[in-house]
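Only one structure is covered here, and it is reproduced in the block below.
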Amino acid sequence: MKHTNPQVEQMTSFIVMDVLERANELQKQGIDIIHLEVGEPDFDVPSCVAEAAKAAYDRHLTHYTHSLGDPELRREIAAFYQREYGVAVDPDCIIVTSGSSPSILLALMLLCNPESEVVLSNPGYACYRNFVLAAQAKPVLVPLSEEKGLQYDIEAIRKCVNQHTAAIFINSPMNPTGMLLEESFLKEVAALGVPVISDEIYHGLVYERRAHSILEYTDQAFVLNGFSKRFAMTGLRLGYLIAPKSYMRSLQKLQQNLFICASSIAQQAGIAALRQADSDVERMRQIYDERRKYMIARLREIGFEIKVEPQGAFYIFADARKFTADSYRFAFDVLEHAHVGITPGVDFGTGGEGYVRFSYANSLENIKEGLDRISRYLSRPEL
């Protein structure tokens, strides 16, 4: 007899990974696939990061670190938040994790119980809902609308808040929309008196305006960030959580039991990234922006609607309802026949149905070829 946690049974697959895995199967058959589905930088790590990792091996820094993270790295993260946002962060309020995903789990396990609710956007990053379920809590979805610029609606959030609300989860720049949250919203959500979990992983990849940290408006928020997107360090698995000091001992106990500590080598690489990689980040940001502008124009030319242009990250969330009412079927059909990987909007919630997400974390040459293939696919007589 099968015995499983009912919360796990409620979880959905991470559909973009299903698309990627099918794309990889096709590649093994010798089919050339253009990847516009995955949110992974196509750049190698900055040279200073690679050199620091190699040097760490040479110095035999291959042992456990402090469970909260190497104190030197935590000081560098605090200095970064001071430089970037003018915010004073105590290094003892930072816990370094193996990527930002463990940070999400730590924050939700800390705050939630089986009666808890967590407010999320719909559409929103697919895994948030499943992390909430893993923490035994209930996701409460607040819709985003193009009429309101794909921004969170503070009044809709207020209506969701009750005695069971454990946290409000926000993300800026947002995945999948690429939108930056307005400063006025950040001020208002910080004033609600409910813990705010702010995913700031795409900070540094912003093309219009500037990204604000929730810590500019409250010192009682939980901030998720890391090195995967800004520094193209996905495989090094290095992230961090900034939390109010009163919660740190509890978070440390969770970290010690679940993860022990983050990779010692990756932490040394992270120190180098924060100290030396600003010029590399700016170079990547400019290249992403060139791709963003091209992709927006080309998708519109093909027939996709983009009413609100993305301002950060490396995604375009395009309205495909002219072509399909079933984004899941559409994405896999594009993969099978056009040999281009794209992410169905339904992966991001019911509010994403009818949309597809394109990633421009690929070369401009590949983006052009991928969109040419999609254009030919959509021009078939049977469509």
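The values are calculated or read from the model by the stated rules, or taken from the named source; none is laboratory data. Please read all numbers here as calculations on a predicted model, not as lab measurements. Positions of Cβ are generated from backbone atoms using ideal geometry, with glycine treated the same way; all protein chains shown enter the neighbour counts. Each accessible area value is taken on the protein alone, full model and side chains, heavy atoms only, with ligands, DNA and RNA left out. Shrake-Rupley method; radii C 1.70, N 1.55, O 1.52, S 1.80 Å.
What the table below lists for this structure:
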{"read-out": "Subset tally (residues that are surrounded by fewer than 20 Cβ atoms within 10 Å (Cβ to Cβ) and touching a Leu at 6+ places or on another chain (Cβ under 8 Å)) for the range 249-262", "value": "4"}
{"read-out": "Filtered residue count, the range 300-327, keeping only those that are among the small types (G, A, S), within 23 Å of L180 (Cβ to Cβ) and touching a residue at least 60 places away in the same chain (Cβ under 8 Å)", "value": "2"}
{"read-out": "Only listed residue being open to solvent by less than 30 Å² (accessible area, probe 1.4 Å) and out of contact with any strand residue (DSSP E or B) (no Cβ under 9 Å at 6 or more places or on another chain), chosen from G239, G149", "value": "G149"}
{"read-out": "Within the range 291-306, tally of residues that are over 17 Å from P173 (Cβ atoms) and of a type in the set (K, R)", "value": "2"}
{"read-out": "Selection count where residues are closer than 26 Å to G204 by Cα and free of Cβ contacts under 8 Å to residues at least 12 places away in the same chain, scope the range 220-262", "value": "1"}
{"read-out": "Filter result for the condition that a residue is open to solvent by less than 20 Å² (accessible area, probe 1.4 Å) and either modelled with pLDDT under 95 or out of contact with any helix residue (DSSP H, G or I) (no Cβ under 9 Å at 6 or more places or on another chain) (or both), over A156, A126, A134", "value": "A126"}
{"read-out": "Selection status of L20, under 29 Å from P344 (Cα atoms) and out of contact with any His (no Cβ under 6 Å at 6 or more places or on another chain)", "value": "yes"}
{"read-out": "Members of the range 313-359 that are open to solvent by 30 Å² or more (accessible area, probe 1.4 Å) and not in a helix (DSSP H, G or I)", "value": "R321, K322, F323, A325, D326, H339, E353"}
{"read-out": "Residue in the range 92-106 that is in a loop (DSSP other than H, G, I, E, B), farther than 30 Å from Q7 by Cβ and open to solvent by 20 Å² or more (accessible area, probe 1.4 Å) present", "value": "no"}
{"read-out": "Single residue of the range 266-312 satisfying the filter (charged (D, E, K, R) and part of a loop (DSSP other than H, G, I, E, B)) that is most open to solvent (accessible area, probe 1.4 Å)", "value": "K307"}
{"read-out": "Sole residue being open to solvent by 40 Å² or more (accessible area, probe 1.4 Å) and either under 24 Å from the mean Cα position of the chain (by Cα) or not charged (D, E, K, R) (or both), chosen from S379, S375", "value": "S379"}
{"read-out": "Residue match in the range 86-99 (condition: closer than 24 Å to Q256 by Cβ and among the small types (G, A, S))", "value": "yes"}
{"read-out": "Lone unmet requirement of (1) farther than 22 Å from V356 by Cα; (2) touching a residue at least 60 places away in the same chain (Cβ under 8 Å); (3) open to solvent by less than 10 Å² (accessible area, probe 1.4 Å) for L180", "value": "(1)"}
{"read-out": "Of all residues making up the range 120-146, the number that are part of a loop (DSSP other than H, G, I, E, B) and either more than 14 Å from P6 (Cα to Cα) or touching a residue at least 40 places away in the same chain (Cβ under 8 Å) (or both)", "value": "6"}
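Rundown of residues vs (1) open to solvent by 40 Å² or more (accessible area, probe 1.4 Å); (2) under 26 Å from Y202 (Cα atoms); (3) in contact (Cβ under 8 Å) with a residue 40 or more places away in the chain; (4) over 19 Å from the mean Cα position of the chain (by Cα), yes/no style:
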| residue | (1), (2), (3), (4) |
| --- | --- |
| M11 | yes, yes, yes, no |
| V16 | no, yes, yes, no |
| E21 | yes, yes, no, yes |
| Q27 | yes, no, no, yes |
| I31 | yes, no, yes, yes |
| E37 | no, yes, yes, no |
| D42 | yes, yes, yes, no |
| V49 | no, yes, yes, yes |
| Y64 | yes, no, yes, yes |
